[in-house]
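First the structure, in the form of structure tokens, and then the observations on it.
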Amino acid sequence: MNELYMRQALTLAQRAKGRTSPNPMVGCVIVKDDRIIAKGYHHHCGGVHAEVDALNRLKEDISGATMYVTLEPCSHHGRQPPCCEAIAKSGVKKVVVATLDPNPIVHGRGIAYLQSHGIDIEVGVCEDEAINMNKKFNHFITHKTPYVLIKAAITLDGKIATKTGESQWISGPESLKYVHQLRNEYASIAVGVNTIIVDNPSLTIRLPDQEVQCHCRVIFDSKGRIPLHSKVLNDEFATKTIILTTSAMPLEIKEAIEQKGARVMEVTSHEGHVDVQEAMHVLASLGIDSLFLEGGSEIIASALKAKIVHEVHIAVAPKLIGGQDAKGFMGDIGVESLSQAIQLEFMEVEHVGSDILIKAKVVI
């Protein structure tokens with residue numbers, strides 16, 4: 001029964017996908033006499049934590065009940081008071097935890113606090129599922145850099161556009177919907193300036209009944225080539241746009257961009273481009289825990305060369321383009337022998353409409 005209730009807590013936690021960054025997703029279920037008497041989850045960053053949300057929804061006496069929570073309850077003061085104090089005062093008999101919190105200011109301390117107040121503890125129920133659910137948070141809190149995912153849509157022969165540059169749409173509508181789901185789940189969406197110049201995308205989230213329509217938009221633009229009429233500089237979400245650049249950006253372009261409400265952040269130049277490793281630390285300093293890199297080919301190559309990428313998702317469309325001049329999804333990464341190839345570990349392969357979606361982990 002422990003796994004049954006914990007899986008319900010995990011499902012609850014995922015209702016807040018894309019809303020808790022840079023905090024983790026957390027779900028909580030309170031059970032008494034084999035009945036769920038309260039449920040809760042962490043709705044958004046800064047909001048009440050899952051355990052308190054569940055306690056606030058109680059309609060009956062909690063004495064003798066068991067609480068199932070997907071992450072170790074916090075024991076420190078942040079935007080919210082410590083969950084452990086509320087749990088200890090509640091009268092709950094036992095707390096079942098999926099996994100410990102990797103945050104060093106919490107790790108093990110929440111468990112110790114509850115035990116010191118006479119509460120029975122069990123740790124490790126559905127642990128793998130809980131860790132995977134918060135992989136972005138876990139990486140960010142331990143490495144202090146964003147978790148990075150690359151997504152590309154290609155033909156069966158690896159092309160993302162014809163030799164004339166036509167690329168809309170390589171993949172089907174179901175794959176396009178998947179892109180918007182990823183935009184919803186990641187704290188930032190990133191592209192290189194060439195993508196802005198060629199496609200002028202809005203980089204917003206377009207899903208049915210979607211409350212939040214735009215997360216942070218990151219543009220890699222080392223020389224200030226972004227057109228000032230670009231959608232990302234002129235729509236209602238312009239203040240959510242960050243231009244990562246170098247000292248090569250002209251001052252007048254920087255000032256014009258900032259007048260539109262966007263933010264310009266200068267980093268070191270590496271081989272004439274934005275140093276993507278330094279860029280990750282800059283984004284992390286802003287609390288951005290995850291980055292969804294959509295393209296184009298040069299920024300994808302730079303990211304892979306810099307070893308900042310953790311996952312690659314490729315939608316393969318049942319089409320062939322052919323030709324030397326048709327564009328591939330990534331630029332030159334300097335591989336001269338197979339021993340230098342970036343190694344991937346396949347995670348999942350599935351049909352998405354007429355396309356095949358391949359998810360792989362980068363072996364770092």
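Roughly how many Å² is the accessible area per residue of the chain, as a whole number, for a 1.4 Å probe?
Solvent-accessible surface per residue comes out at 48 Å².
By per-residue mean of other Cβ atoms within 10 Å, what is the highest-first order of 112-121, 168-177, 330-339?
In descending order of packing, they fall as 168-177, 112-121, 330-339.
For the chain, compute Rh as the Kirkwood radius over C-alpha pairs and then the Stokes-Einstein diffusion coefficient at 20 °C and 1.002 mPa s; write the answer in µm²/s, rounded to an integer.
Result for D is 96 µm²/s.
What angle do you read, to the nearest 10 degrees and between 0 and 90, between the alpha-carbon axis of helix 276-285 and the longest principal axis of the chain?
Tilt relative to the chain: about 40 degrees.
For L344, enumerate residues with amide H under 5 Å from its amide H, sequence gap 5+ or separate chain, H modeled in the peptide plane.
Sorted by chain and number, the residues that satisfy this are V363.
Quickly work out the E271-to-E350 label distance, labels modelled 7 Å from Cα along the C-beta direction, and quote it in nm with one decimal.
Taking the simple label geometry, E350 and E271 are separated by 3.5 nm.
How much length would be gained if the chain were fully extended between S63 and V335, taking 0.36 nm per residue of separation minus their Cα-Cα distance, in nm to one decimal? If you can, show how the numbers build up before the last one.
On the way: separation 272, 0.36 × 272 = 97.92 nm, distance 6.28 nm.
Fully extending the segment from S63 to V335 adds 91.6 nm.
Expressed as a whole percentage, what fraction of the accessible surface of the chain belongs to carbon and sulfur atoms when a 1.4 Å probe is rolled over the protein heavy atoms?
Numbers: 8740 of 17500 Å².
Carbon with sulfur: 50 percent of the solvent-accessible area.
For R15 and D325, what is the calculated FRET efficiency with R₀ set at 45 Å and r taken between the beta-carbons, to the nearest 0.05?
Here the calculated transfer efficiency is 0.45.
Hey, what's the Cα Rg ratio for segment 36-164 versus the globular rule of thumb, 2.2 N^0.38 Å?
On the way: Rg = 19.3 Å, N = 129, 2.2 N^0.38 = 13.9 Å.
Taking N as the residue count of segment 36-164, the ratio is 1.38.
From the phi angles alone, apply the Karplus equation (6.51, -1.76, 1.60; θ = phi - 60°) to segment 187-196 and give each ³J(HN,Hα) in whole Hz, x where the residue is Gly or Pro.
After applying 6.51 cos²θ - 1.76 cosθ + 1.60, I find 5, 8, 10, 10, 9, x, 5, 4, 5, 5 Hz.
How high is the relative contact order of segment 123-182, in percent, counting Cα pairs under 8 Å that sit 6 or more residues apart?
Averaging sequence separation for qualifying contacts and normalising by length gives 18 percent for segment 123-182.
Defining a contact as two alpha carbons under 8 Å apart and six or more residues distant in sequence, what relative contact order in percent does the chain show? Let's see the in-between values first.
Working: 777 pairs, mean separation 56.4, N = 364.
Here the relative contact order equals 15 percent.
Can you compute 3J(HN,Hα) from phi for each residue in segment 28-38, using the Karplus curve 6.51 cos²θ - 1.76 cosθ + 1.60 with θ = phi - 60°, rounded to whole Hz and x for Gly and Pro?
Values, residue by residue: 9, 10, 10, 10, 9, 6, 6, 10, 7, 9, 6 Hz.
If you take the alpha carbon radius of gyration of segment 139-269 and divide it by 2.2 N^0.38 Å, what ratio comes out, to two decimals?
Expressed relative to 2.2 N^0.38 Å, the Cα Rg reads 1.12.
When we measure straight from the Cα of K254, which aspartates and glutamates land under 15 angstrom away, once same-chain ones fewer than 8 places off are left out?
Cross-link targets: D221, E266.
Which residue, K231, K89, K136, has the most motion in a Gaussian network model of the chain that connects Cα atoms within less than 10 Å?
K89
Counting only pairs 8 or more residues apart or on different chains, how many lysine pairs in segment 279-364 have their Cα atoms under 20 Å apart?
Value for segment 279-364: 7.
With the radius of gyration and the Kirkwood radius both derived from the Cα set of segment 118-163, what is their ratio Rg to Rh?
On the way: Rg = 19.2 Å, Rh = 14.5 Å.
With Rg and the Kirkwood Rh in hand, the quotient comes to 1.32.
What FRET efficiency comes out for the pair R79/R206, r = Cβ-Cβ distance, R0 = 30 Å, nearest 0.05? Could you put the intermediate results ahead of the total?
Working: r = 30 Å, r/R0 = 1.00.
The formula returns an efficiency of 0.50 here.
Describe numerically, in nm with one decimal, the distance between label points set 7 Å from Cα along Cα→Cβ at D157 and at H143.
My value for the distance between the label points is 3.6 nm.
Between R35 and E127, what length in nm is gained on full extension when 0.36 nm per residue of separation is reduced by their alpha carbon distance?
Length gained between R35 and E127: 30.9 nm.
Taking amide hydrogens as modeled 1.01 Å from N in the peptide plane, which residues meet the under 5 Å criterion relative to C216, leaving out close sequence neighbours?
Placed amide hydrogens put I189 under 5 Å from C216.
Give the Kirkwood hydrodynamic radius (Å, one decimal) of segment 1-71, defined as one over the mean of 1/r across all pairs of different Cα atoms.
Evaluated over segment 1-71, this radius sits at 11.9 Å.
As a test of understanding, state the convex hull volume per residue of segment 202-342 from its alpha carbons, in Å³.
Dividing the Cα hull volume of segment 202-342 by its residues yields 162 Å³.
Enter the angle in degrees (range 0 to 90, nearest 10) between the Cα long axis of helix 173-185 and the first principal axis of the Cα atoms of the chain, meaning the one along which they spread out most.
Result, in degrees: 60.
So what's Rg/Rh here for segment 144-209, counting alpha carbon atoms and using the Kirkwood radius for Rh?
Radius of gyration relative to Kirkwood radius: 0.97.
The values are calculated or read from the model by the stated rules, or taken from the named source; none is laboratory data. Please read these numbers as outputs of a predicted model, since none were measured by experiment. Positions of Cβ are generated from backbone atoms using ideal geometry, with glycine treated the same way; all protein chains shown enter the neighbour counts. Accessible surface areas use protein heavy atoms only, side chains included; no ligands, DNA or RNA. Shrake-Rupley method; radii C 1.70, N 1.55, O 1.52, S 1.80 Å.
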